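Encoded as structure tokens, the structure appears first; notes follow it.
None of the figures in this text is laboratory data; all of them are computed from the coordinates on show. Everything numeric here is computed off the predicted structure, so don't read it as measured data. All Cβ positions, even for glycine, are placed from backbone atoms using ideal geometry, and neighbour counts span all protein chains on display.
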Amino acid sequence: MGLGIIIAIIIAGLSGGCAKTQSSTETPSSNAYKNVTPKELKPMLDDKGLFLVDVHIPEQKHIVGTDLVVPYNEIERNIDKFPSDKSTKIALYCRSGGMSVEAARKLIELGYENVFNLAGGAGAWTAAGYPVEQ
């Protein structure tokens, strides 16, 4: 294979993996979730208009204010525990961010419109000096 073809394949693979994410705390489009930093998530929690979900398995210490704990791979099975209003702002986290990305994709697939993922998960949250429940 020529070098140009290899580069084209790599670029296509990288761009496809990023198609469903956005960064910022603005309202996500209906087909994507947004990654937020701990610094961006903190004021969202303070506004009380956010439904916060820990999706890590096994269970871990939770960010103060967590509304629901459900395994990332059991979102659809537990959808009755989520807000019925699909426009509700929902933020997801796990330990490092991988499981919450999967959960965010599932919520988007199920029609939720305002889904946020805590980039770096609870590890980034505590590293930023924010509290967790014991």
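Tabulated data for the structure shown
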{"read-out": "Inverse of mean 1/r across different Cα pairs in region 21-127, Kirkwood, Å", "value": "13.2"}
{"read-out": "DSSP-assigned coil residues among trypsin sites (Lys or Arg not before Pro) in region 26-134, each with at most 12 further Cβ atoms within 10 Å", "value": "Lys48"}
{"read-out": "Asn73-Asp47 pseudo-label distance in nm [points 7 Å out on the Cα-to-Cβ vector]", "value": "3.4"}
{"read-out": "Per DSSP, loop GluC sites (Glu not before Pro) in region 80-134 with at most 11 further Cβ within 10 Å", "value": "Glu133"}
{"read-out": "Other-chain or far-sequence residues with amide H under 5 Å of Ile63's (modelled H)", "value": "Glu133"}
{"read-out": "Amide proton proximity set for Tyr33, modelled H, under 5 Å, gap of 5+", "value": "Gln22"}
{"read-out": "Farthest positive-ward along region 21-127 dipole, Cα basis, beta-carbon charges - from Ile79, Ala127, Ser100", "value": "Ala127"}
{"read-out": "Region 37-92: relative contact order as a whole-number percent, Cα under 8 Å and 6+ apart", "value": "42"}
{"read-out": "Long-range HN-HN contacts of Phe51 with modeled amide H, under 5 Å", "value": "Lys89, Ile90, Ala91"}
{"read-out": "Per-residue ³J(HN,Hα) for region 122-129, Karplus 6.51 cos²θ - 1.76 cosθ + 1.60, θ = phi - 60°, Hz, x for Gly and Pro", "value": "5, x, 5, 4, 5, 4, 7, x"}
{"read-out": "Phi-based couplings in Hz for region 93-105 (Karplus 6.51, -1.76, 1.60; Gly and Pro marked x)", "value": "8, 9, 6, 10, x, x, 5, 5, 5, 4, 5, 4, 4"}
